[in-house]
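Below: the structure, in C-alpha cells.
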Amino acid sequence: MLNKVLDILSKAVVKNIVVYNMNEFSPFYDYFVVGSVNSNRQGSAAINYLKKDMAEMGATIKSFSSSNESGWFLIDLGEVVVHIFVGEERQNYNLDGMYSHLPKQILED
C-alpha cells in the first residue's frame, strides 16, 4: 500500500515527501507520509486522488480531514497515514521535528 500511496502523491505534484517508519512508535499504523503542496487546490486534488485510487484497490479509508483554513490535509488508510501541508504550514505544525528521531525515507522530487 505504501508504494501505491507514494506513486499517487508524486503524480499529484506533492513535493518534499518524507516517510516515517512508525512500527516501533505506534501499534495503530506503520507509516506516516508527510508532503507539501503549493495551494489548497493541490492538497484537495491529492487527497481526492488518494481516496479514489485507494477505494478502487479495496482499501478502507478510516478517516479523512481537510481544512483550507489550516492548510493541513490528512487521510488515514490504516497502515499508512498521509499528511499534506500547504506552503509554510508544514513548518508551523512541525511533524518532521516531532518524528525526527524515527527511521525515515526521503523521496527525491
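The values are calculated or read from the model by the stated rules, or taken from the named source; none is laboratory data. From a predicted model like this one, the values you see are computed outputs, not experimental measurements. Cβ sites come from the backbone with ideal geometry, for glycine too, and all protein chains shown count toward neighbours. The accessibility values were calculated without ligands, DNA or RNA, using every heavy atom of the protein model including side chains. Shrake-Rupley method; radii C 1.70, N 1.55, O 1.52, S 1.80 Å.
Brief remarks on what is shown
- Filter pass, residue 34 being in contact with a helix residue (DSSP H, G or I) (Cβ under 6 Å, 6 or more places away or on another chain) and not acidic (Asp, Glu): yes
- Some residue of region 63-71 being open to solvent by 10 Å² or more (accessible area, probe 1.4 Å), at pLDDT below 90 and of a type in the set (Asp, Glu): yes
- Selection status of residue 13, modelled with pLDDT of 95 or more and either outside any helix (DSSP H, G or I) or surrounded by fewer than 16 Cβ atoms within 10 Å (Cβ to Cβ) (or both): no
- Filter result (assigned to a strand (DSSP E or B) and open to solvent by less than 40 Å² (accessible area, probe 1.4 Å)) within region 75-105: 75, 76, 80, 81, 82, 83, 84, 85, 86
- Restricting the first member to region 30-58 and to residues that are open to solvent by 70 Å² or more (accessible area, probe 1.4 Å), and the second to residues that are not in a helix (DSSP H, G or I), the beta-carbon pairs closer than 6 Å and six or more apart or on different chains are 49/12.
- Selection within region 20-35 - over 12 Å from residue 95 (Cβ atoms) and touching a strand residue (DSSP E or B) at 6+ places or on another chain (Cβ under 8 Å): 21, 29, 30, 31
- Pick from region 16-47, criterion polar (S, T, N, Q) and outside any strand (DSSP E or B), ranking: nearest to residue 103 (Cα to Cα): 23
- Pairs, first free of Cβ contacts under 8 Å to residues at least 40 places away in the same chain in region 61-83, second among the aliphatic types (A, V, I, L, M) and open to solvent by 30 Å² or more (accessible area, probe 1.4 Å), C-beta under 8 Å, six or more apart: 61/55; 63/74; 64/74; 65/74; 66/74; 75/61
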